[in-house]
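Q: Just passing along the structure, written as structure tokens.
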């Protein structure tokens, strides 16, 4: 009898990451990490997302040895600044003014591991987004919706902020919060999921 794989653990409370993995048909369990996500002095955006993604995966992986765990972290970067989640309305306004009529980068680091086994996968995916010119009225309206406050860079491309976006270069799901193409490929290479094989076998059994 084939071994039944336990669901992948998502070490994140992000509803966007959960929804993306569910869209791909991946069985998962959500166990948010308690890892420190604060920025370190002099840390580049690439270094930050890689470090935090791995810290999240390790934090949860140590508590659940033998289970496959996915950690991820997303930031927005412009002019050498890292834009995390705004702490309030004034910070959200400042972020949106910075992004108005300009291109910025969205970086997501991910780490997949099974503690304490070797063979983890890590990656950093970068997308570029250009905003249209934003008026003060549009900025105030968007902040009033409450949407910016748990989003890196203060906006959700899959939500009400969609009207702000003029151009996207690279992975769209990366901007939402998880580069689904690269993550699913890494999960399959590691043997952490048997997504298409399981579905195919089920379909053949029904025929």
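Q: Are any of the residues in segment 169-189 more than 20 Å from residue 73 (Cα to Cα), modelled with pLDDT of 95 or more and surrounded by fewer than 20 Cβ atoms within 10 Å (Cβ to Cβ)?
A: no
Q: Another question, then. Within segment 110-132, which residues are loosely packed, with under 15 Cβ neighbours inside 10 Å and in contact (Cβ under 8 Å) with a residue 60 or more places away in the chain?
A: 119
Q: Still on this structure, please answer the following. Could you tell me whether residue 65 is in a loop (DSSP other than H, G, I, E, B), out of contact with any helix residue (DSSP H, G or I) (no Cβ under 6 Å at 6 or more places or on another chain) and either surrounded by fewer than 19 Cβ atoms within 10 Å (Cβ to Cβ) or touching a residue at least 24 places away in the same chain (Cβ under 8 Å) (or both)?
A: Answer is yes for this residue.
Q: Moving to a separate point now. Within the group 156, 72, which residue is in a loop (DSSP other than H, G, I, E, B), within 15 Å of the chain's Cα centre (by Cα) and either buried (at least 19 other Cβ atoms within 10 Å of the Cβ) or touching a residue at least 40 places away in the same chain (Cβ under 8 Å) (or both)?
A: 156
Q: In segment 117-141, how many residues are within 24 Å of residue 73 (Cβ to Cβ) and at pLDDT 95 or above?
A: 11
Q: Still on this structure, I have one more. Within segment 8-26, track down each residue that is touching a residue at least 60 places away in the same chain (Cβ under 8 Å), assigned to a loop (DSSP other than H, G, I, E, B) and in contact with a strand residue (DSSP E or B) (Cβ under 9 Å, 6 or more places away or on another chain).
A: Answer for segment 8-26, where residues must be touching a residue at least 60 places away in the same chain (Cβ under 8 Å), assigned to a loop (DSSP other than H, G, I, E, B) and in contact with a strand residue (DSSP E or B) (Cβ under 9 Å, 6 or more places away or on another chain): 11, 12, 14, 26.
Q: Return the only residue of 94, 103 being at pLDDT 95 or above, more than 30 Å from residue 6 (Cα to Cα) and touching a strand residue (DSSP E or B) at 6+ places or on another chain (Cβ under 8 Å).
A: Numbers: 94 fails: touching a strand residue (DSSP E or B) at 6+ places or on another chain (Cβ under 8 Å).
It is 103.
Q: Another question about this same structure. Which ones in segment 33-62 are surrounded by fewer than 14 Cβ atoms within 10 Å (Cβ to Cβ), over 18 Å from the mean Cα position of the chain (by Cα) and either modelled with pLDDT under 95 or assigned to a loop (DSSP other than H, G, I, E, B) (or both)?
A: Result: 40, 41, 42.
The values are calculated or read from the model by the stated rules, or taken from the named source; none is laboratory data. Here the structure is a predicted model, which means the values were calculated and not measured. Heads up, the Cβs are rebuilt from the backbone with ideal geometry, glycines too, and the neighbour counts pull from every protein chain shown.
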